[in-house]
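Any read-out appearing in this document is the output of simple, stated calculations on the displayed coordinates, not a laboratory observation. Quick caveat, the model's predicted, so the values are computed rather than measured. Here the Cβ is made from the backbone with ideal geometry for all residues, glycine too, and neighbour counts use every protein chain on show.
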Amino acid sequence: MVEEIAQSKLHVAIIMDGNGRWAAARGLPRTMGHRAGIDALKRTLKAVKDLPISHLTVYSFSSENWSRPLAEVSELMQLLRFYLRSDLQSLHKEGIRIRVIGERETLANDIVEMIENAEKLTSNNTGLALTIALSYGGRQEITAAVRGIAKAVSRGEIKADAIDEMTVQKYLFTAGIPDPDLVIRTSGEKRISNFLLWQSAYAEYVFTDVLWPDFSATHLAEAIDEYHMRERRYGATGGNSLE
């Protein structure tokens, strides 16, 4: 089915969950699960080439993840540094455009510099738009947007009664990025964990029991097939609905 509708490009967002459980099931430290998770992301980026996807957003590290043990957080930040150093040039050659959303003020200065370099280097690429949610939380994002709008109103740049949904979208971290069509969560959990709360209001969700390190091109294609079998109504009554 994917091939039949390849002309319809999608924005797919993924909550990459299950690294720790994958490692525990193999008697390995959690850090090995995170490393396997990086490999799964690389596989997914390769798979996207053959699928109808124009935008891919991945939830790599949430605002709440800072409460994890210091050693685990440090390992995750080291993996991020390694990934940005080792894979940036290959991502650039593939024409991938990189954008990172989240609270950068919580990140180390060298990581912020690496992010800015990656975004600048790939800013003119026209291939896949890859957005990495890092130190990100949906509530925090909306709160920051409200704060930004309030400041604009106080400066006289916006009239309070002129604020609408488009105004809010302009102040979100994702300004300029289309809302996701499909959100996938791995590992069998069925919750959204503070991810793209505003943007995914009308997204379709696919929950899979597959742990993220085991996620493959086949799983991604199956999720897209499932998405295309659904009727997106955006709150309206569907053609075959009795509602």
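Of note:
- Cα centroids of the range 98-123 and the range 29-45: 20 Å apart.
- Candidates 154, 54, 135: whichever shows maximal mean-square fluctuation once the chain is modelled as a Gaussian network with Cα springs under 10 Å: 154
- Residues with amide H under 5 Å from that of residue 53, placed H, sequence gap 5 or more: 10
- Dipole magnitude (debye, nearest 20) for the chain, charges at Cβ of Lys, Arg, Asp, Glu: 540
- For residue 183, the residues whose amide H sits under 5 Å from its own are 13, 204, 205, 206, ignoring neighbours fewer than 5 places away on the same chain, with H placed 1.01 Å from N.
- FRET E, pair residue 74, residue 217, Förster distance 35 Å, beta-carbon r, rounded to 0.05: 0.65
- In the elastic network of the chain, a GNM with C-alpha springs shorter than 10 Å, the most mobile of 176, 18, 137 is 176.
- Computed helical MRE - 222 nm, the chain, DSSP H runs ≥ 4 contributing -39500 (n - 2.57), nearest 500: -13000 deg cm²/dmol
- Of 58, 210, 183, the residue with the greatest mean-square motion in the GNM of the chain, using alpha carbon springs below 10 Å, is 210.
- Only Lys, Arg, Asp and Glu carry charge here, each on its Cβ (+1 for the first two, -1 for the last two); on that basis the range 44-162 has a dipole of about 260 debye about its Cα centre.
- Semi-axes of the equivalent ellipsoid of the range 1-115 are 26, 19, 13 Å, computed as sqrt(5λ) over the eigenvalues of the C-alpha gyration tensor in descending order.
- Here the Debye sum runs over all C-alpha atoms of the chain as equal scatterers in vacuum, and log10 of I(q)/I(0) at q = 0.08, 0.13, 0.14 Å⁻¹ comes out as -0.33, -0.87, -1.00.
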